[in-house]
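To start, the structure under review is shown below, and the notes come after it.
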Number of protein chains: 2
Amino acid sequence: MKGAECLLRTLTANGVDTCFMNPGTSEMQFVSALDQVPAMRSLLCLFEGVCSGAADGYARMLRRPAATLLHLGPGLGNGLANFHNARKAHSPVVSIVGQHTTQHLRVDAPLSADIEAFARTVSEHVRTVACAADLGGDAAAAVAAACAPPGQVATLIVPADFSWSEAGPPAGLAPRAGFAEPDRCRVREIASLVRRGGSVGLLLGGSTLLDRGIETAGQLAAATGVRVFASRYGARLACGGGRFAPLRLPYFPEAAASALAGLEHLVLVECKAPVSFFGYPGRPSVLVPEGSAVHTLAPIEGDGVQALAALLEECGRGPGAQDHATRPKGSPPELTPGAELTPDAVGRTLARCLPHDAIVSEELVSSGAAVLRHLEAAPRFDLLPVTGGSIGQGLPVAVGAAVACPGRKVIALEADGSSMYTPQSLWTMARERLDVVIVILANRRYRILDIEMERTGGSAGPRASEMLDLRHPELDWVKLSEGMGVEATRATTTDEFLAQWTEAVKRPGPRLIEAVTA
Amino acid sequence: MKGAECLLRTLTANGVDTCFMNPGTSEMQFVSALDQVPAMRSLLCLFEGVCSGAADGYARMLRRPAATLLHLGPGLGNGLANFHNARKAHSPVVSIVGQHTTQHLRVDAPLSADIEAFARTVSEHVRTVACAADLGGDAAAAVAAACAPPGQVATLIVPADFSWSEAGPPAGLAPRAGFAEPDRCRVREIASLVRRGGSVGLLLGGSTLLDRGIETAGQLAAATGVRVFASRYGARLACGGGRFAPLRLPYFPEAAASALAGLEHLVLVECKAPVSFFGYPGRPSVLVPEGSAVHTLAPIEGDGVQALAALLEECGRGPGAQDHATRPKGSPPELTPGAELTPDAVGRTLARCLPHDAIVSEELVSSGAAVLRHLEAAPRFDLLPVTGGSIGQGLPVAVGAAVACPGRKVIALEADGSSMYTPQSLWTMARERLDVVIVILANRRYRILDIEMERTGGSAGPRASEMLDLRHPELDWVKLSEGMGVEATRATTTDEFLAQWTEAVKRPGPRLIEAVTA
């Protein structure tokens, strides 16, 4: 069996059956082998950052890796920003990168570059296949590495000649490490802290932000009075539907510090101690209140859900725990007909008919808080937030989530600035008829940077202000979207937005709404 | 003086007065300082690959660096593919990358990454500023490093707090290394080879592909009978206008090998021994004919133009050298009204009214040869070819060339596939009213990969073929272009294309023509 077919068969045998690709010459044999391996689904993206972001979104939903197939060092380069986000999300991804032939590697060809160096910026596991016979074993090892708790981007670099050489049979399923069991001593120590009755906060990350973790944390809160917080940069957060809602740490450090103020003990569950997004003049980077002790209930590679359950058991469920774990579903926020279209109005409108069990990929940057607070009253949905802070993840993550969960509506909440990093995502959405509604809040400005400029002590004179200005020319998202085959409309009033949103969620996507906001 | 202002003043004192930027929070102080340092021109790009490609195009035209300003590791990541191309073009570029504050670097923030590791993939010179007082000196050193022959991408990483700290006065002009003088012994040795009268070929690269080098090489050919070739991947090539035309080495190795066949001696001038773009089964990577001796007249960091002049002097100009250095200007190619719109027809049409002294940024991929051969009969122009092979350089390079040479018409020759990597370039063209005509040959397919699939021994079954297919949906370049503020039309016949092209070159740009080709 040729190397290319061996690689694809090893991937599918190891549970990797989806590949987001932007191939070139060195990867043609893998593309050719798709006709021999129908179990591998392949999706073409027109820019590599769409591939890496889509694999991230896919992994966040299914907790198993997709593959990406990229072309040599610079192709991988274009994927790095979203691999960075995947790395911070602890998303398992198998990144396959084509390399020149072993003979061609010895000459200085135009596309020669140190692919391992590119890969190491985002991957702990980087391996270049040394001979064709290793292909199966190396591919299985890459999948196992990607899945090693808490999940990572594993890179496999494949010289082109190995793909057309004889490589032997594909490798079978490689053994995988499980998430670490809770440390019972640690659980008892933290339980005794909690029972002592001081001010204790739990900060949830990783898998504890999903259904079972949230539910158990809610029961703990009800039984013991602990305060429960959600890490801002978790990969996926179960929201809405009247579920218990931990307080998601705010973006700005003053607000985050004030949320955590007064805690004597901060207990980390599958996350690290909270830090601010950026450093600012005269402000600490760490958000843990001074004098507060930090404890780890479960490390990021641990099973935090089990640890929470053990803690609840240890503390005793107490009366009413079950009741307080859910809260009454709020009534949908009011709309004022004819009101100006603001992020607040967009949030209110979205909340009124957010489809049940939607997946919301959010990259609103400056408008996020104003929009998301209204969604608390919405039916249950999964939120896929910014993890690594590299802008341009929202649309690709929506692609990957829609591929992973074909039965669920995906909503991509974007800004006009953030959408311009990976707009090519729209083409893949159209090509694959993905059920995505994209809402672009167009304020014609890098508005977050107006705020950050002031916070870092800068002043925006006319020339500086011009660098944050997205008018001249205005981006026309209806044309951009239609240019890539996605139906689109523009809303400039709340009434228009309500009508377009109501209609968009009723039909299969993709569909884009440009909401021109004040 | 604050660090940010010190940096900008040092850059301008060292001749760097243009900055292509996509800033974030860590770079706000630099943006703010633009109002204090009006000598620095700043241009906003909506994606980092536009910044890096624009700096490459700028450097290719002016032989001096522009700066780029990018945001942390992932922002730099998005710029790497075009920095790779700049590296292979030996373009001097000063890449400024913001870093977290020194305090914030100690915590694991979402955007924390090893920026130096990102930078080293494309830069030999990588320095992180260690204290605010070093900013001026480090910035001057980065400019000097960028300009060190043959030119490179020099990276300066600046922790955000240094930009708002006191940094002292800016540094003055740093001393720069010049291009190495010709080695007289080497010149005499090569002259004696040439005089001996065997089959000798000169392969030109670097600065020898511009006016004076081409002219001197033409005189050498006339005086001595040497054959003159142009490296395929030089940064810039003076063409047309009846000038002497060295034979540009073809893309496919068979054609390149056949062009070089029979040479006893291959003399390299500012370039390395030629190699094929990719390795293929059963083909050598090196294109030097077997048994041919390779000599270096000038290394890539040498002054090849002076070396050629010294060689000419040594060989004796001989009678007729001056005459044979130019050739009669050919007549423009014929057009057949009503003919199908093919790459050949596009080339013929472009040649009929290519503006005088145009700059042609070419990234046509599969259609390049068919179009460019007709331009030999056109008035003089500079060709900016693919250098590093990372697709997505053509539009950004056109941005940079237009900024560098405001009096000259820039023509970007693109394919529909290649344009989708950095389409955001169009917005910066519109914003800066750059005089660019973009011609997109839309064949709705990654056609080069059909050829490469076959060459690498793969076969394209239905699933493989689908991965090279850009229909479903078709990209609408008129809408995409208008969506970013650039006027656009579509041509589907030769007559339409002729009319649109004739009109486009008469008016200031930007202007896009989508040529739907068979």
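Taking the criterion of being within 16 Å of A:Leu297 (Cα to Cα), crowded, with 18+ Cβ neighbours inside 10 Å and either among the polar types (S, T, N, Q) or not assigned by TED's automatic domain parsing to the domain that holds A:Glu452 (or both), would at least one residue in the stretch A:231-254 satisfy it?
yes
Hey, among the residues in the stretch A:83-115 that are under 29 Å from A:Gly234 (Cα atoms) and touching a Lys or Arg at 6+ places or on another chain (Cβ under 8 Å), which one's farthest from the other protein chains (Cβ to nearest Cβ)?
Applying the filter and picking the extreme gives A:Pro92.
A:Arg283 passes all but one of (1) within 11 Å of chain B (Cβ to nearest Cβ); (2) in a helix (DSSP H, G or I); which number fails?
Of (1) within 11 Å of chain B (Cβ to nearest Cβ); (2) in a helix (DSSP H, G or I), only one is false for A:Arg283: (2).
For the stretch B:429-462, what are the residues that are basic (Lys, Arg) and in contact with a Ser or Thr (Cβ under 7 Å, 6 or more places away or on another chain)?
Across the stretch B:429-462, the qualifying residue is only B:Arg447.
List every residue pair whose Cβ atoms sit under 6 Å apart, with the two residues 6 or more apart in sequence or on different chains, where the first one lies in the stretch B:92-118 and is within 26 Å of B:Gly57 (Cβ to Cβ) and touching a residue at least 24 places away in the same chain (Cβ under 8 Å) and the second, anywhere, is hydroxyl-bearing (Ser, Thr, Tyr) and assigned to a loop (DSSP other than H, G, I, E, B).
Between residues of the stretch B:92-118 that are within 26 Å of B:Gly57 (Cβ to Cβ) and touching a residue at least 24 places away in the same chain (Cβ under 8 Å) and residues that are hydroxyl-bearing (Ser, Thr, Tyr) and assigned to a loop (DSSP other than H, G, I, E, B), the close pairs are B:Phe118/A:Thr121.
For B:Ile513, all conditions in the list (1) within 25 Å of the chain's Cα centre (by Cα); (2) surrounded by 23 or more Cβ atoms within 10 Å (Cβ to Cβ); (3) β-branched (Val, Ile, Thr); (4) within 30 Å of A:Gln29 (Cα to Cα) hold save one; what is the number of the exception?
Condition not satisfied by B:Ile513: (4).
Residue-wise test of (1) modelled with pLDDT of 95 or more; (2) among the aromatic types (Phe, Trp, Tyr); (3) outside the structural domain of B:Thr102 (by TED's automatic domain parsing).
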| residue | (1), (2), (3) |
| --- | --- |
| B:Val153 | yes, no, no |
| B:Ala177 | no, no, yes |
| B:Ile190 | yes, no, yes |
| B:Gly198 | no, no, yes |
| B:Leu204 | yes, no, yes |
| B:Ser207 | yes, no, yes |
| B:Leu210 | yes, no, yes |
| B:Ala217 | yes, no, yes |
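Can you find a residue in the stretch B:491-502 that is within 14 Å of chain A (Cβ to nearest Cβ), closer than 22 Å to B:Ile359 by Cβ, buried (at least 20 other Cβ atoms within 10 Å of the Cβ) and in contact with a Ser or Thr (Cβ under 7 Å, 6 or more places away or on another chain)?
no
Considering only helices (runs of 4 or more DSSP H) fully contained in the stretch A:453-506, which possess at least 2 residues that are among the polar types (S, T, N, Q) and modelled with pLDDT of 95 or more?
Passing ranges, in order: A:494-504.
Going by the conditions given, is A:Leu449 closer than 29 Å to B:Ala160 by Cα, facing chain B (nearest Cβ under 10 Å) and surrounded by 19 or more Cβ atoms within 10 Å (Cβ to Cβ)?
yes
As an exercise: evaluate B:Gly178 against (1) in contact with a His (Cβ under 8 Å, 6 or more places away or on another chain); (2) under 29 Å from B:Asn85 (Cβ atoms) and give the number of the one condition it does not meet.
(1)
Quick one: A:Ala518 ticks every box in (1) crowded, with 19+ Cβ neighbours inside 10 Å; (2) touching a Leu at 6+ places or on another chain (Cβ under 9 Å) except a single one, so which number is it?
(1)
For the structure I just gave you, tell me whether A:Ala33 is within 19 Å of A:Ala142 (Cα to Cα) and either surrounded by 24 or more Cβ atoms within 10 Å (Cβ to Cβ) or more than 23 Å from the chain's Cα centre (by Cα) (or both).
no
Taking the stretch A:397-438, which residues are within 13 Å of chain B (Cβ to nearest Cβ) and in a helix (DSSP H, G or I)?
Result: A:Asp416, A:Gly417, A:Ser418, A:Ser419, A:Ser425, A:Leu426, A:Trp427, A:Thr428, A:Met429, A:Ala430, A:Arg431.
Name the single residue that is surrounded by the most Cβ atoms within 10 Å (Cβ to Cβ) among those in the stretch B:3-30 being within 12 Å of chain A (Cβ to nearest Cβ) and among the charged types (D, E, K, R).
Among residues in the stretch B:3-30 that are within 12 Å of chain A (Cβ to nearest Cβ) and among the charged types (D, E, K, R), the one surrounded by the most Cβ atoms within 10 Å (Cβ to Cβ) is B:Glu27.
Can A:Glu254 be described as at pLDDT below 95, outside any loop (DSSP other than H, G, I, E, B) and touching a Lys or Arg at 6+ places or on another chain (Cβ under 9 Å)?
Here the answer is yes, as A:Glu254 does meet what is asked.
Across the stretch A:31-44, what is the number of residues that are in contact with a Pro (Cβ under 8 Å, 6 or more places away or on another chain) and more than 7 Å from chain B (Cβ to nearest Cβ)?
0
Filter the stretch A:365-387 down to residues that are at pLDDT below 95 and part of a loop (DSSP other than H, G, I, E, B) and give me whichever is surrounded by the most Cβ atoms within 10 Å (Cβ to Cβ).
Result: A:Ala378.
Residue pairs, Cβ under 6 Å, 6 or more apart or interchain, first in the stretch B:256-273 and closer than 17 Å to B:Pro149 by Cα, second in a helix (DSSP H, G or I). List them.
B:Val269/B:Thr208; B:Val269/B:Gly304; B:Glu270/B:Gly206; B:Glu270/B:Thr208; B:Glu270/B:Gly304
Before we move on, is A:Glu454 within 24 Å of A:Asn22 (Cβ to Cβ), without any contact (Cβ under 8 Å) to a residue 24 or more places away in the chain and not assigned by TED's automatic domain parsing to the domain that holds A:Glu254?
Answer is no for this residue.
If you check B:Ala351, B:Ala377, B:Ala369, which single one turns out to be out of contact with any helix residue (DSSP H, G or I) (no Cβ under 8 Å at 6 or more places or on another chain), in contact (Cβ under 8 Å) with a residue 24 or more places away in the chain, aliphatic (A, V, I, L, M) and over 28 Å from B:Pro92 (Cβ atoms)?
Answer to the selection: B:Ala369.
Output the residues belonging to the stretch A:216-235 that are assigned to a loop (DSSP other than H, G, I, E, B) and in contact with a Cys (Cβ under 6 Å, 6 or more places away or on another chain).
A:Ser231
Quick one: would you say A:Ala415 is among the small types (Gly, Ala, Ser), crowded, with 18+ Cβ neighbours inside 10 Å, assigned by TED's automatic domain parsing to the domain that holds A:Cys353 and under 18 Å from A:Ser367 (Cβ atoms)?
When the stated conditions are applied, A:Ala415 passes them.
Any residue at all in the stretch B:197-212 that is at positive phi, crowded, with 24+ Cβ neighbours inside 10 Å, assigned to a helix (DSSP H, G or I) and touching a residue at least 12 places away in the same chain (Cβ under 8 Å)?
Checked against the condition, which is being at positive phi, crowded, with 24+ Cβ neighbours inside 10 Å, assigned to a helix (DSSP H, G or I) and touching a residue at least 12 places away in the same chain (Cβ under 8 Å), the stretch B:197-212 yields at least one hit.
Any residue that is in contact with a His (Cβ under 7 Å, 6 or more places away or on another chain) and among the hydroxyl-bearing types (Ser, Thr, Tyr) - is there at least one of those in the stretch A:426-435?
Within the stretch A:426-435 (the criterion being in contact with a His (Cβ under 7 Å, 6 or more places away or on another chain) and among the hydroxyl-bearing types (Ser, Thr, Tyr)), the answer is no, since none of the residues qualifies.
Taking A:Leu80, is it closer than 27 Å to A:Ile391 by Cβ, facing another protein chain (nearest Cβ under 7 Å) and surrounded by fewer than 24 Cβ atoms within 10 Å (Cβ to Cβ)?
No, not satisfied.
Which of the following residues is buried (at least 19 other Cβ atoms within 10 Å of the Cβ), touching a Pro at 6+ places or on another chain (Cβ under 9 Å), of a type in the set (Gly, Ala, Ser) and in a loop (DSSP other than H, G, I, E, B): A:Ala177, A:Ala139, A:Ala154, A:Ala113?
Result of the check over A:Ala177, A:Ala139, A:Ala154, A:Ala113: A:Ala113.
The values are calculated or read from the model by the stated rules, or taken from the named source; none is laboratory data. Bear in mind that the values here come from a model prediction, so they are computed numbers and not experimental data. Note: ideal-geometry Cβ built from the backbone for every residue, glycine included; neighbour counts use all protein chains shown.
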